[in-house]
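For reference, the structure discussed in these notes is given below.
The values are calculated or read from the model by the stated rules, or taken from the named source; none is laboratory data. This one's a predicted model, so the numbers in the text were calculated from it and none came from an experiment. Positions of Cβ are backbone-derived with ideal geometry, glycine not excepted, and every protein chain shown enters the neighbour counts.
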Amino acid sequence: MAQINRILVGVEALEGASHDAFYKAKELAEENNATLIIAFVMDKNGYASLERMDPHGFGRLKNQAESRLKAYKEKAEENGVKDVETVLEVGIPKKEMENLCEKYNIDMIVVGETGSSKVDRLFLGNTAKAIQKKAKCDVKVVSTKETVKE
């Protein structure tokens with residue numbers, strides 16, 4: 001495997017898969033002395049309908065996303081990752097992760113495998129699989145079943 005200098009990890013509002021992906025990415029960044037870029041992509045499709053129902057809802061969710069990014073950044077720095085950046089985007093997660101990969105010259109993307117049912121994956125698709133298919137770099141998909149040390 002080529003040298004890993006820049007790692008992009010996708011996180012989301014819920015714990016679980018993205019939480020595990022963060023810890024795996026943090027571990028890889030420590031081992032490789034790599035830059036860790038933590039990205040939170042707010043799915044524009046879901047938030048558009050929320051904004052119609054609650055005009056302040058998007059702002060509150062954006063603040064929560066920023067808080068989560070800050071907490072992840074602090075956790076990575078506390079654990080010895082020297083270069084940590086955060087990115088908050090609004091868009092379609094799989095497309096934004098692909099764009100961020102190119103923009104930041106990423107060597108590896110780390111994403112969590114959601115616990116979606118087979119029916120959900122059939123109709124909605126799977127973001128991790130889509131990223132894996134389109135990415136121009138290595139992709140590590142972290143299963144929630146993997147043991148990740150914090």
Quiz item: So which residues in the range 57-86 are surrounded by 14 or more Cβ atoms within 10 Å (Cβ to Cβ), among the basic types (K, R) and closer than 15 Å to A25 by Cβ, if there are any at all?
Solution: R68, K73, K75
Quiz item: Just for the range 5-23: of the residues that are hydrophobic (A, V, I, L, M, F, W, C) and part of a helix (DSSP H, G or I), which one is modelled with the highest pLDDT?
Solution: F22
